[in-house]
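First up is the structure itself, then whatever we jot down about it.
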Amino acid sequence: MPQDQNTLIECRVEPGNGAAIVFIHGGGGDPQDTWGKFPEFIAGDSRAGGWDIYSYGYISTGINRVIGMGGLKWLKRALGINIDPTVSMLANGLSMQLATGQFRNYAALAIVSHSLGGIVAQKLLVDYPDMRSHVRYLFLMGVSSNGFADKLLLTRNMAQINEIRPGTPLIVALRKSWKELFIDRPAPFEYWAIAGDQDGFVPPDSSLGPFPPDRRRVVPGEHETMKEPRTAGSLAVQFVLERLAGQLSADRWGSARVAVELGQYQDAISRLEPHVDDLDESGLVTLALAYESVGRQDDALNILSRTNRYADAMDALGVLAGRLKRRWWLNRTASDAQRALDLYSEAYQRAVAKGRSDQAFYHGINVAFMQLAYQRQAATAAITAQEVLKHCESSRLDYWRLATQGEANLYLENMDAAVDCYRNALSCDPAPTVRERQSMYEQATRVISCLPGLAKLRKRLDETFR
(Lines give C-alpha, C1' and ligand atoms only; values in the text may rest on other atoms or scores of the structure.)
Protein backbone atom coordinates (compact mmCIF):
# COMPACT_ATOMS: atom_id res chain seq x y z
CA MET A 1 0.00 0.00 0.00
CA PRO A 2 1.50 3.38 -1.00
CA GLN A 3 2.47 5.56 1.94
CA ASP A 4 2.19 9.33 2.42
CA GLN A 5 4.33 10.74 -0.39
CA ASN A 6 5.16 14.18 0.92
CA THR A 7 7.57 13.13 3.64
CA LEU A 8 11.24 12.47 4.44
CA ILE A 9 12.10 9.12 5.97
CA GLU A 10 15.25 8.70 8.03
CA CYS A 11 16.52 5.23 7.16
CA ARG A 12 19.73 5.67 9.15
CA VAL A 13 21.04 8.79 10.87
CA GLU A 14 24.06 8.65 13.17
CA PRO A 15 25.88 11.45 15.02
CA GLY A 16 28.96 12.81 13.30
CA ASN A 17 28.25 11.60 9.78
CA GLY A 18 29.28 14.18 7.20
CA ALA A 19 27.60 12.69 4.13
CA ALA A 20 24.15 11.44 3.19
CA ILE A 21 22.53 9.14 0.63
CA VAL A 22 19.10 10.30 -0.56
CA PHE A 23 16.69 7.94 -2.33
CA ILE A 24 14.13 9.64 -4.61
CA HIS A 25 11.18 7.61 -5.90
CA GLY A 26 9.51 7.82 -9.29
CA GLY A 27 6.09 8.98 -10.44
CA GLY A 28 3.31 7.65 -8.25
CA GLY A 29 5.83 6.11 -5.87
CA ASP A 30 6.43 6.82 -2.22
CA PRO A 31 9.55 7.09 -0.05
CA GLN A 32 9.10 3.72 1.63
CA ASP A 33 7.43 1.11 -0.58
CA THR A 34 9.26 2.14 -3.76
CA TRP A 35 12.68 0.98 -2.62
CA GLY A 36 11.90 -2.20 -0.71
CA LYS A 37 15.02 -3.18 1.24
CA PHE A 38 17.44 -1.17 -0.92
CA PRO A 39 18.26 1.39 1.84
CA GLU A 40 18.50 -1.40 4.40
CA PHE A 41 20.99 -3.33 2.28
CA ILE A 42 23.11 -0.22 1.76
CA ALA A 43 23.08 0.54 5.50
CA GLY A 44 24.18 -3.00 6.30
CA ASP A 45 27.40 -2.81 4.27
CA SER A 46 30.62 -1.46 5.79
CA ARG A 47 31.42 0.40 2.58
CA ALA A 48 28.55 2.77 3.37
CA GLY A 49 29.84 3.52 6.85
CA GLY A 50 29.74 7.24 7.61
CA TRP A 51 26.75 7.88 5.34
CA ASP A 52 23.36 8.82 6.73
CA ILE A 53 20.52 7.44 4.60
CA TYR A 54 17.19 9.10 3.75
CA SER A 55 14.26 8.48 1.44
CA TYR A 56 12.66 11.64 0.04
CA GLY A 57 9.01 11.81 -0.95
CA TYR A 58 7.12 14.22 -3.20
CA ILE A 59 3.57 14.50 -4.53
CA SER A 60 3.00 12.53 -7.72
CA THR A 61 -0.27 10.82 -8.69
CA GLY A 62 1.14 8.30 -11.15
CA ILE A 63 -0.69 5.40 -12.73
CA ASN A 64 -0.72 3.27 -9.59
CA ARG A 65 -2.48 5.96 -7.56
CA VAL A 66 -5.30 6.75 -9.99
CA ILE A 67 -7.53 3.93 -8.72
CA GLY A 68 -7.50 5.22 -5.17
CA MET A 69 -8.22 8.86 -5.95
CA GLY A 70 -11.26 10.47 -4.38
CA GLY A 71 -14.14 11.89 -6.41
CA LEU A 72 -12.93 15.50 -6.30
CA LYS A 73 -9.48 14.57 -7.62
CA TRP A 74 -11.09 12.46 -10.34
CA LEU A 75 -13.20 15.43 -11.40
CA LYS A 76 -10.22 17.79 -11.44
CA ARG A 77 -8.24 15.30 -13.45
CA ALA A 78 -11.04 14.82 -15.95
CA LEU A 79 -11.22 18.60 -16.39
CA GLY A 80 -7.46 18.78 -16.95
CA ILE A 81 -6.85 20.73 -13.75
CA ASN A 82 -3.31 20.13 -12.53
CA ILE A 83 -3.32 18.62 -9.07
CA ASP A 84 0.37 17.69 -8.93
CA PRO A 85 3.44 19.98 -8.70
CA THR A 86 5.38 20.56 -11.92
CA VAL A 87 8.85 19.08 -12.39
CA SER A 88 10.36 22.55 -11.89
CA MET A 89 8.46 22.89 -8.63
CA LEU A 90 9.65 19.47 -7.51
CA ALA A 91 13.28 20.38 -8.29
CA ASN A 92 12.87 23.62 -6.36
CA GLY A 93 11.39 21.79 -3.39
CA LEU A 94 14.19 19.25 -3.46
CA SER A 95 16.80 22.03 -3.53
CA MET A 96 15.20 23.61 -0.47
CA GLN A 97 15.16 20.28 1.34
CA LEU A 98 18.82 19.60 0.60
CA ALA A 99 19.93 23.11 1.58
CA THR A 100 18.09 23.43 4.89
CA GLY A 101 17.61 21.63 8.19
CA GLN A 102 19.83 18.65 8.87
CA PHE A 103 21.09 18.63 5.28
CA ARG A 104 23.06 21.84 5.86
CA ASN A 105 25.49 19.77 7.92
CA TYR A 106 26.38 17.40 5.08
CA ALA A 107 29.40 18.18 2.95
CA ALA A 108 28.59 15.47 0.41
CA LEU A 109 25.45 13.86 -0.98
CA ALA A 110 24.69 10.79 -3.09
CA ILE A 111 21.33 10.63 -4.89
CA VAL A 112 19.77 7.31 -5.87
CA SER A 113 16.77 8.06 -8.10
CA HIS A 114 14.14 6.12 -10.00
CA SER A 115 12.04 7.08 -13.02
CA LEU A 116 10.53 10.59 -12.64
CA GLY A 117 12.72 11.13 -9.57
CA GLY A 118 15.74 11.03 -11.87
CA ILE A 119 14.30 13.80 -14.04
CA VAL A 120 13.80 15.87 -10.89
CA ALA A 121 17.39 15.16 -9.80
CA GLN A 122 18.79 16.17 -13.18
CA LYS A 123 16.69 19.34 -13.15
CA LEU A 124 18.05 20.08 -9.67
CA LEU A 125 21.66 19.89 -10.85
CA VAL A 126 21.03 21.94 -13.99
CA ASP A 127 19.03 24.71 -12.33
CA TYR A 128 20.78 25.01 -8.95
CA PRO A 129 24.58 25.38 -9.32
CA ASP A 130 25.13 25.27 -5.55
CA MET A 131 23.88 21.70 -5.53
CA ARG A 132 26.70 20.63 -7.84
CA SER A 133 29.23 21.26 -5.08
CA HIS A 134 27.33 18.99 -2.67
CA VAL A 135 26.24 16.07 -4.85
CA ARG A 136 29.11 13.66 -5.39
CA TYR A 137 27.20 10.73 -6.90
CA LEU A 138 24.00 10.49 -8.94
CA PHE A 139 22.37 7.18 -9.88
CA LEU A 140 19.58 7.34 -12.50
CA MET A 141 17.64 4.06 -12.42
CA GLY A 142 15.06 3.51 -15.15
CA VAL A 143 14.84 7.24 -15.85
CA SER A 144 13.16 8.44 -19.05
CA SER A 145 15.85 11.05 -19.57
CA ASN A 146 15.02 11.39 -23.28
CA GLY A 147 11.29 11.59 -22.61
CA PHE A 148 8.48 9.23 -21.62
CA ALA A 149 6.63 7.97 -24.71
CA ASP A 150 3.73 5.84 -23.43
CA LYS A 151 0.26 6.22 -24.98
CA LEU A 152 -1.89 4.96 -22.11
CA LEU A 153 -5.26 6.64 -21.66
CA LEU A 154 -4.68 6.75 -17.89
CA THR A 155 -1.73 9.09 -18.32
CA ARG A 156 -3.24 11.44 -20.87
CA ASN A 157 -4.16 14.12 -18.34
CA MET A 158 -1.27 13.60 -15.93
CA ALA A 159 0.57 16.89 -16.01
CA GLN A 160 3.89 15.55 -14.72
CA ILE A 161 3.97 12.85 -17.40
CA ASN A 162 2.85 15.22 -20.16
CA GLU A 163 5.65 17.54 -19.10
CA ILE A 164 8.29 14.91 -19.83
CA ARG A 165 7.07 13.56 -23.16
CA PRO A 166 9.75 13.32 -25.89
CA GLY A 167 10.34 16.70 -27.46
CA THR A 168 8.63 18.77 -24.76
CA PRO A 169 10.32 22.06 -23.83
CA LEU A 170 11.43 20.61 -20.48
CA ILE A 171 13.09 17.53 -21.97
CA VAL A 172 14.72 19.45 -24.84
CA ALA A 173 16.10 22.11 -22.48
CA LEU A 174 17.22 19.51 -19.92
CA ARG A 175 19.15 17.48 -22.47
CA LYS A 176 20.76 20.57 -23.98
CA SER A 177 21.86 21.91 -20.59
CA TRP A 178 23.07 18.52 -19.35
CA LYS A 179 25.22 18.07 -22.44
CA GLU A 180 26.74 21.55 -22.14
CA LEU A 181 27.36 21.29 -18.39
CA PHE A 182 28.22 17.65 -17.75
CA ILE A 183 29.12 15.93 -21.02
CA ASP A 184 30.99 18.50 -23.09
CA ARG A 185 33.04 19.35 -20.00
CA PRO A 186 34.06 17.24 -16.97
CA ALA A 187 31.15 16.82 -14.58
CA PRO A 188 31.82 17.92 -10.98
CA PHE A 189 30.13 14.74 -9.75
CA GLU A 190 29.96 11.09 -10.78
CA TYR A 191 26.74 10.03 -12.50
CA TRP A 192 25.42 6.75 -13.87
CA ALA A 193 22.45 5.93 -16.10
CA ILE A 194 21.13 2.47 -15.17
CA ALA A 195 18.60 0.46 -17.16
CA GLY A 196 16.74 -2.73 -16.28
CA ASP A 197 17.41 -5.44 -18.82
CA GLN A 198 13.65 -6.23 -18.97
CA ASP A 199 12.31 -2.69 -18.64
CA GLY A 200 9.46 -2.42 -21.14
CA PHE A 201 8.27 0.85 -19.62
CA VAL A 202 11.32 3.03 -20.26
CA PRO A 203 13.28 1.87 -23.34
CA PRO A 204 17.10 2.06 -23.37
CA ASP A 205 17.17 4.90 -25.93
CA SER A 206 15.57 7.05 -23.23
CA SER A 207 17.21 5.67 -20.07
CA LEU A 208 20.73 5.21 -21.51
CA GLY A 209 20.79 7.03 -24.86
CA PRO A 210 21.43 10.62 -23.69
CA PHE A 211 24.58 9.68 -21.79
CA PRO A 212 28.13 8.73 -22.84
CA PRO A 213 28.74 4.98 -23.19
CA ASP A 214 31.05 4.90 -20.18
CA ARG A 215 28.23 6.29 -17.99
CA ARG A 216 25.76 3.50 -18.89
CA ARG A 217 25.06 0.33 -16.94
CA VAL A 218 22.43 -2.45 -17.13
CA VAL A 219 21.11 -4.47 -14.18
CA PRO A 220 18.59 -7.33 -14.05
CA GLY A 221 14.91 -6.52 -13.69
CA GLU A 222 11.86 -4.76 -15.01
CA HIS A 223 11.06 -1.09 -14.43
CA GLU A 224 9.70 -1.75 -10.95
CA THR A 225 11.77 -4.74 -9.82
CA MET A 226 15.16 -3.25 -10.76
CA LYS A 227 15.01 -0.96 -7.71
CA GLU A 228 13.52 -3.51 -5.29
CA PRO A 229 16.44 -5.89 -4.64
CA ARG A 230 15.71 -9.25 -3.09
CA THR A 231 19.14 -9.66 -1.50
CA ALA A 232 22.08 -7.52 -0.46
CA GLY A 233 24.05 -9.17 -3.23
CA SER A 234 21.77 -7.82 -5.97
CA LEU A 235 23.68 -6.15 -8.77
CA ALA A 236 22.04 -2.73 -8.31
CA VAL A 237 22.94 -2.64 -4.60
CA GLN A 238 26.49 -3.81 -5.21
CA PHE A 239 27.00 -1.31 -8.01
CA VAL A 240 25.98 1.63 -5.80
CA LEU A 241 28.24 0.41 -3.00
CA GLU A 242 31.20 -0.15 -5.30
CA ARG A 243 30.87 3.31 -6.83
CA LEU A 244 30.73 4.92 -3.40
CA ALA A 245 33.95 3.09 -2.58
CA GLY A 246 35.47 3.42 -6.03
CA GLN A 247 37.60 6.56 -5.76
CA LEU A 248 40.75 6.95 -3.68
CA SER A 249 40.40 3.36 -2.43
CA ALA A 250 37.45 4.53 -0.38
CA ASP A 251 36.72 1.03 0.88
CA ARG A 252 39.92 1.36 2.92
CA TRP A 253 39.69 5.02 3.94
CA GLY A 254 35.92 5.40 4.31
CA SER A 255 33.69 6.28 1.38
CA ALA A 256 31.86 9.11 3.18
CA ARG A 257 35.10 10.84 4.09
CA VAL A 258 36.34 10.45 0.53
CA ALA A 259 33.14 11.98 -0.84
CA VAL A 260 33.57 15.00 1.44
CA GLU A 261 37.15 15.52 0.29
CA LEU A 262 36.20 15.11 -3.37
CA GLY A 263 33.83 18.01 -2.88
CA GLN A 264 36.67 20.09 -1.54
CA TYR A 265 38.74 19.30 -4.63
CA GLN A 266 35.84 20.31 -6.88
CA ASP A 267 35.56 23.59 -4.98
CA ALA A 268 39.25 24.23 -5.66
CA ILE A 269 38.74 23.53 -9.36
CA SER A 270 35.77 25.90 -9.50
CA ARG A 271 37.79 28.67 -7.86
CA LEU A 272 41.06 28.26 -9.73
CA GLU A 273 40.20 26.94 -13.18
CA PRO A 274 38.76 30.24 -14.53
CA HIS A 275 42.05 32.00 -13.64
CA VAL A 276 44.49 29.35 -14.84
CA ASP A 277 46.59 31.79 -16.90
CA ASP A 278 47.17 34.04 -13.88
CA LEU A 279 47.93 31.46 -11.18
CA ASP A 280 51.15 31.56 -9.20
CA GLU A 281 53.10 28.37 -8.57
CA SER A 282 51.12 27.45 -5.46
CA GLY A 283 47.82 27.94 -7.26
CA LEU A 284 48.99 25.89 -10.22
CA VAL A 285 50.07 23.01 -7.99
CA THR A 286 46.79 23.15 -6.03
CA LEU A 287 44.78 23.00 -9.26
CA ALA A 288 46.87 20.13 -10.60
CA LEU A 289 46.43 18.12 -7.40
CA ALA A 290 42.67 18.80 -7.47
CA TYR A 291 42.50 17.59 -11.08
CA GLU A 292 44.41 14.46 -10.14
CA SER A 293 42.15 13.78 -7.17
CA VAL A 294 38.94 13.83 -9.22
CA GLY A 295 40.38 11.65 -11.97
CA ARG A 296 41.41 14.33 -14.48
CA GLN A 297 45.01 13.10 -14.85
CA ASP A 298 45.57 14.49 -18.33
CA ASP A 299 44.48 17.96 -17.21
CA ALA A 300 46.88 17.71 -14.26
CA LEU A 301 49.80 16.91 -16.56
CA ASN A 302 48.90 19.65 -19.01
CA ILE A 303 48.62 22.31 -16.35
CA LEU A 304 51.96 21.35 -14.81
CA SER A 305 53.79 21.62 -18.12
CA ARG A 306 53.78 25.40 -17.57
CA THR A 307 56.57 25.29 -15.00
CA ASN A 308 58.91 27.48 -17.06
CA ARG A 309 57.10 30.59 -15.88
CA TYR A 310 58.54 30.30 -12.36
CA ALA A 311 61.98 31.13 -11.02
CA ASP A 312 62.72 27.82 -9.29
CA ALA A 313 59.45 25.86 -9.67
CA MET A 314 60.43 23.22 -7.11
CA ASP A 315 56.83 22.50 -6.11
CA ALA A 316 55.60 22.30 -9.68
CA LEU A 317 58.53 20.16 -10.81
CA GLY A 318 57.84 17.72 -8.00
CA VAL A 319 54.13 17.45 -8.70
CA LEU A 320 54.74 17.02 -12.44
CA ALA A 321 57.30 14.32 -11.69
CA GLY A 322 54.75 12.65 -9.42
CA ARG A 323 52.18 12.46 -12.21
CA LEU A 324 54.78 10.92 -14.52
CA LYS A 325 55.90 8.51 -11.82
CA ARG A 326 52.35 7.25 -11.29
CA ARG A 327 51.81 6.89 -15.03
CA TRP A 328 55.05 4.93 -15.35
CA TRP A 329 54.09 2.65 -12.47
CA LEU A 330 50.85 1.81 -14.27
CA ASN A 331 52.09 1.65 -17.86
CA ARG A 332 55.83 0.95 -17.45
CA THR A 333 56.86 3.43 -20.14
CA ALA A 334 60.60 4.02 -19.73
CA SER A 335 60.44 7.60 -21.02
CA ASP A 336 58.00 8.54 -18.24
CA ALA A 337 60.27 6.99 -15.61
CA GLN A 338 63.40 8.74 -16.87
CA ARG A 339 61.60 12.07 -17.15
CA ALA A 340 60.27 11.70 -13.58
CA LEU A 341 63.75 10.87 -12.26
CA ASP A 342 65.26 13.84 -14.09
CA LEU A 343 62.63 16.24 -12.74
CA TYR A 344 62.97 14.96 -9.16
CA SER A 345 66.76 15.17 -9.40
CA GLU A 346 66.66 18.72 -10.76
CA ALA A 347 64.24 19.84 -8.04
CA TYR A 348 66.36 18.10 -5.37
CA GLN A 349 69.53 19.86 -6.52
CA ARG A 350 67.76 23.23 -6.54
CA ALA A 351 66.42 22.62 -3.02
CA VAL A 352 69.83 21.63 -1.64
CA ALA A 353 71.48 24.65 -3.29
CA LYS A 354 68.92 27.00 -1.73
CA GLY A 355 69.10 25.36 1.71
CA ARG A 356 65.44 24.31 1.52
CA SER A 357 65.45 21.19 3.68
CA ASP A 358 61.67 20.80 3.44
CA GLN A 359 61.85 20.64 -0.35
CA ALA A 360 65.03 18.56 -0.29
CA PHE A 361 63.56 15.69 1.72
CA TYR A 362 60.42 15.57 -0.46
CA HIS A 363 62.29 15.47 -3.77
CA GLY A 364 65.13 13.37 -2.38
CA ILE A 365 62.89 10.54 -1.20
CA ASN A 366 61.36 10.38 -4.67
CA VAL A 367 64.82 10.25 -6.25
CA ALA A 368 65.52 7.29 -3.97
CA PHE A 369 62.35 5.57 -5.09
CA MET A 370 63.16 5.96 -8.79
CA GLN A 371 66.69 4.71 -8.17
CA LEU A 372 65.23 1.61 -6.54
CA ALA A 373 62.10 0.91 -8.60
CA TYR A 374 63.24 2.11 -12.03
CA GLN A 375 67.05 1.79 -12.03
CA ARG A 376 67.09 -1.25 -9.70
CA GLN A 377 69.91 0.28 -7.66
CA ALA A 378 68.99 -0.57 -4.07
CA ALA A 379 72.38 0.42 -2.65
CA THR A 380 72.26 3.85 -4.34
CA ALA A 381 68.70 4.38 -3.10
CA ALA A 382 69.83 3.58 0.46
CA ILE A 383 72.58 6.22 0.23
CA THR A 384 70.05 8.79 -0.97
CA ALA A 385 67.71 7.79 1.87
CA GLN A 386 70.49 8.54 4.39
CA GLU A 387 70.79 12.03 2.91
CA VAL A 388 67.03 12.44 3.12
CA LEU A 389 67.02 11.64 6.84
CA LYS A 390 69.53 14.44 7.41
CA HIS A 391 67.31 16.90 5.56
CA CYS A 392 64.36 15.73 7.65
CA GLU A 393 66.20 16.56 10.86
CA SER A 394 66.47 20.18 9.71
CA SER A 395 62.80 20.48 8.77
CA ARG A 396 59.62 21.28 10.65
CA LEU A 397 57.96 18.27 12.26
CA ASP A 398 54.70 17.36 10.52
CA TYR A 399 53.09 14.26 9.02
CA TRP A 400 54.89 14.59 5.69
CA ARG A 401 58.27 14.72 7.37
CA LEU A 402 57.38 11.69 9.52
CA ALA A 403 56.06 9.74 6.53
CA THR A 404 59.24 10.57 4.61
CA GLN A 405 61.33 9.33 7.53
CA GLY A 406 59.23 6.16 7.50
CA GLU A 407 59.90 5.61 3.81
CA ALA A 408 63.62 6.40 4.16
CA ASN A 409 63.87 3.71 6.84
CA LEU A 410 62.28 1.24 4.42
CA TYR A 411 65.19 1.70 2.00
CA LEU A 412 67.55 1.09 4.93
CA GLU A 413 65.43 -1.93 5.97
CA ASN A 414 64.93 -0.48 9.46
CA MET A 415 61.45 -1.99 9.80
CA ASP A 416 60.59 -1.01 13.38
CA ALA A 417 61.68 2.58 12.82
CA ALA A 418 59.64 2.76 9.61
CA VAL A 419 56.44 1.55 11.27
CA ASP A 420 56.91 3.94 14.20
CA CYS A 421 57.33 6.89 11.85
CA TYR A 422 54.21 6.03 9.85
CA ARG A 423 52.19 5.53 13.03
CA ASN A 424 53.28 8.93 14.32
CA ALA A 425 52.49 10.54 10.95
CA LEU A 426 48.93 9.25 11.05
CA SER A 427 48.49 10.50 14.63
CA CYS A 428 49.46 14.09 13.87
CA ASP A 429 47.13 17.00 14.56
CA PRO A 430 46.02 18.10 12.03
CA ALA A 431 45.78 14.63 10.55
CA PRO A 432 46.59 13.79 6.93
CA THR A 433 43.68 13.82 4.51
CA VAL A 434 42.35 10.70 2.83
CA ARG A 435 44.33 11.51 -0.28
CA GLU A 436 47.51 11.98 1.74
CA ARG A 437 46.99 8.78 3.75
CA GLN A 438 46.50 6.87 0.52
CA SER A 439 49.62 8.41 -0.99
CA MET A 440 51.70 7.41 2.03
CA TYR A 441 50.33 3.87 2.04
CA GLU A 442 50.66 3.24 -1.68
CA GLN A 443 54.19 4.58 -1.79
CA ALA A 444 55.23 2.38 1.14
CA THR A 445 53.75 -0.72 -0.49
CA ARG A 446 55.60 0.04 -3.74
CA VAL A 447 58.90 0.24 -1.88
CA ILE A 448 58.17 -3.02 -0.07
CA SER A 449 57.37 -4.73 -3.38
CA CYS A 450 60.86 -3.79 -4.64
CA LEU A 451 62.72 -5.05 -1.56
CA PRO A 452 62.16 -8.79 -0.93
CA GLY A 453 63.60 -8.49 2.56
CA LEU A 454 60.62 -6.35 3.60
CA ALA A 455 57.89 -8.78 2.53
CA LYS A 456 56.96 -9.64 6.10
CA LEU A 457 56.45 -5.95 6.87
CA ARG A 458 53.35 -5.68 4.66
CA LYS A 459 50.97 -7.03 7.29
CA ARG A 460 52.25 -4.59 9.92
CA LEU A 461 51.93 -1.73 7.46
CA ASP A 462 48.32 -2.69 6.67
CA GLU A 463 47.48 -2.80 10.37
CA THR A 464 49.10 0.61 10.93
CA PHE A 465 47.15 2.33 8.17
CA ARG A 466 43.89 0.58 8.97
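Remarks
- Only residues that are at pLDDT 75 or above and surrounded by fewer than 22 Cβ atoms within 10 Å (Cβ to Cβ) were counted across segment 141-159, and they come to 3.
- Asp214 touching a helix residue (DSSP H, G or I) at 6+ places or on another chain (Cβ under 8 Å) and acidic (Asp, Glu): no
- Residue-level analysis places Ile383 among those that are without any contact (Cβ under 8 Å) to a residue 60 or more places away in the chain and open to solvent by 80 Å² or more (accessible area, probe 1.4 Å).
- Hits in segment 408-425 - residues which are under 13 Å from Phe465 (Cβ atoms) and buried (at least 19 other Cβ atoms within 10 Å of the Cβ): Ala418, Val419, Cys421, Tyr422, Ala425
- Given (1) part of a helix (DSSP H, G or I); (2) open to solvent by less than 70 Å² (accessible area, probe 1.4 Å); (3) at pLDDT below 85; (4) in contact with a Gly (Cβ under 9 Å, 6 or more places away or on another chain), index of the condition Gln247 fails: (1)
- When segment 27-48 is filtered for residues that are farther than 30 Å from Gln160 by Cα, in contact with a helix residue (DSSP H, G or I) (Cβ under 7 Å, 6 or more places away or on another chain) and surrounded by fewer than 23 Cβ atoms within 10 Å (Cβ to Cβ), the ones remaining, listed by number, are Phe41, Asp45, Arg47.
- Search result, residues across segment 422-439 that are free of Cβ contacts under 8 Å to residues at least 40 places away in the same chain, of a type in the set (A, V, I, L, M) and farther than 14 Å from Arg401 by Cβ: Ala431
- Restricting attention to segment 121-140 and to residues that are of a type outside the set (A, V, I, L, M), at pLDDT 95 or above and surrounded by fewer than 22 Cβ atoms within 10 Å (Cβ to Cβ), the residue that is nearest to the chain's Cα centre (by Cα) turns out to be Tyr128.
- Cross-chain or 6+ apart pairs with Cβ under 6 Å, segment 168-191 first and assigned to a helix (DSSP H, G or I), then buried (at least 18 other Cβ atoms within 10 Å of the Cβ) and among the acidic types (Asp, Glu): Leu170/Glu163
- Some residue of segment 346-356 being under 26 Å from Leu412 (Cβ atoms), open to solvent by 20 Å² or more (accessible area, probe 1.4 Å) and of a type in the set (Gly, Ala, Ser): yes
The values are calculated or read from the model by the stated rules, or taken from the named source; none is laboratory data. Computed from a predicted model, the values in this text were never measured in an experiment. Counting neighbours? That spans all protein chains shown, and the Cβs are built from the backbone with ideal geometry, glycine included. Each accessible area value is taken on the protein alone, full model and side chains, heavy atoms only, with ligands, DNA and RNA left out. Shrake-Rupley method; radii C 1.70, N 1.55, O 1.52, S 1.80 Å.
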